[in-house]
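The values are calculated or read from the model by the stated rules, or taken from the named source; none is laboratory data. Just so you know, these numbers come straight off a predicted model, no measurement behind them. Methodologically, a virtual Cβ is constructed for each residue, glycine included, from the backbone with ideal geometry; neighbour enumeration extends over all protein chains shown. Surface areas here come from the heavy atoms of the whole protein model, side chains and all, with no ligands, DNA or RNA. Shrake-Rupley method; radii C 1.70, N 1.55, O 1.52, S 1.80 Å.
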Amino acid sequence: MGETVAGVVGAKEDQRVNTEAAGDTPRERPTGRDRPFARLRVARRPRLWFELLLIAVSYSVYSMIRNAVPDQEAVAQRHAQLIWDIQQAMGLAFEQAVNHAVNEITWLITGVNYFYATLHFLVTIGVLVWLFRSHPGRYGATRLVLFATTGVALVGYYFFPLAPPRLMEGMDFIDTGLVHDTWGSLSSESMQTVSNQYAAMPSMHIGWSVWCGITLAMLARRRWVRVLGALYPVATLFVIVATANHFWLDAVGGLICLAFGFLVSTLWFGRLCYRLPRRPVGEDTPTHVGDHAPGGPTRTGVAGKAGGTGGASGGEGRGDRASAPERVVDDRDIPRPTRNGGPEGAGGVRVHLPLEVGRAPAPRPPAI
């Protein structure tokens with residue numbers, strides 16, 4: 001009887017300690033007005049229907065605002081000439097040479113045109129789907145980077161209308177999409193009526209492609225995927241210049257917007273999106289200490305036992321009275337031994353393992 005009572009008390013103490021280790025103490029729980037915002041700042045598993053609706057609505061609003069910016073052709077032409085003069089003063093006005101050279105190679109310019117018209121969306125959507133499936137704990141924060149980057153770009157479109165090189169007056173740039181009749185090109189008559197032709201600064205082709213490249217380079221396991229991720233924004237820079245859709249300084253504007261997106265996400269979630277746990281808090285797998293996928297989180301947990309034997313999973317066997325909350329941690333947070341022999345989690349927080357309640361071990365026979 002004494003052992004049973006001691007086991008119940010010990011289990012409750014283990015539950016309290018592990019609850020504090022998971023950051024779920026009453027004094028840490030958000031209260032009042034702060035609670036909804038605090039919940040939004042915790043990495044959770046995304047819901048498919050919500051993500052599809054959010055992306056559709058957000059892109060529709062973005063396109064509507066981007067295309068609603070009043071056409072200021074005279075101002076856009078002056079800004080384009082200003083950008084060109086700055087690049088010439090720097091000795092880096094190479095867009096026209098690249099544009100003419102690539103246009104001479106039919107198969108190359110055709111591929112470049114379709115790269116510009118399609119991959120900008122396909123690759124970005126593909127990376128979002130991959131994050132959703134493979135890195136649900138990091139999806140929300142990484143998606144916020146993309147959304148904040150795109151949102152701040154609207155400020156540039158409104159306050160700094162810019163004609164792309166292909167539309168500059170008095171210049172000899174070739175509109176490759178129009179010349180080679182590329183499907184989906186912004187130069188086509190159907191696209192000219194629904195898109196803002198003077199929204200060139202900043203370049204979201206660069207902003208989105210660098211976001212894709214960094215995400216793949218940081219999170220992909222296969223080396224060839226990481227290499228492709230690193231090369232994708234480089235290829236995109238070549239494409240936007242060869243098709244005369246952007247100056248290279250537009251790409252710098254896209255990088256500034258992307259830096260703003262990373263800043264917003266980091267301030268909101270408290271750490272860089274790629275350093276968040278791969279799996280969100282509350283996942284059911286893995287269930288044992290040490291059972292974790294390479295590069296993924298580890299689950300540590302305890303279970304109180306009364307009148308039965310317990311295992312590391314804390315959810316099996318007879319006589320289970322209570323199971324303590326579990327905590328998802330990164331690989332570096334795997335419990336390690338301390339001086340007093342107990343395991344220790346990240347930041348020096350002791351993690352109590354399950355108590356075994358039962359018969360005492362039989363004494364060893366005396367040595368002969």
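For the stretch 225-266, the gyration tensor built on C-alpha atoms gives an oblate shape. Its axis ratio a/c (a ≥ b ≥ c) is at least 1.5, and a/b is not larger than b/c. Taking each residue as 0.36 nm, the span from residue 179 to residue 85 lengthens on full extension beyond its C-alpha to C-alpha distance by 31.2 nm.
Which order do the peptides 250-256, 83-89 come out in when sorted by mean C-beta neighbours inside 10 angstrom, highest first?
In decreasing order of mean packing, 250-256, 83-89 become 250-256, 83-89.
For the stretch 74-172, GluC sites (Glu not before Pro) meeting the loop criterion (DSSP other than H, G, I, E, B) and having at most 10 other Cβ atoms within 10 Å: 104, 169.
First compute the accessible area of the stretch 40-150 with a 1.4 Å probe, then give the percent of it belonging to carbon and sulfur atoms.
So the carbon and sulfur contribution to the accessible surface is 67 percent.
Beyond 12 Å, what share of the Cα-Cα pairs of the stretch 46-104 is found? Please give it as a whole percent.
Considering the stretch 46-104, 78 percent of its Cα-Cα pairs are separated by more than 12 Å.
Placing a pseudo-label 7 Å from each Cα along the Cα-to-Cβ vector at residue 218 and residue 105 gives an inter-label distance of 3.4 nm. Using the average count of surrounding beta-carbon atoms within 10 Å as a protection proxy, the listed peptides 144-154, 221-231, 204-214 rank, highest first, as 204-214, 144-154, 221-231. Pairs of Cα atoms in the stretch 67-178 fall into 5 Å distance bins, from 0 up to the last occupied one, in shares of 2, 10, 13, 15, 16, 18, 13, 8, 5, 1, 0 percent.
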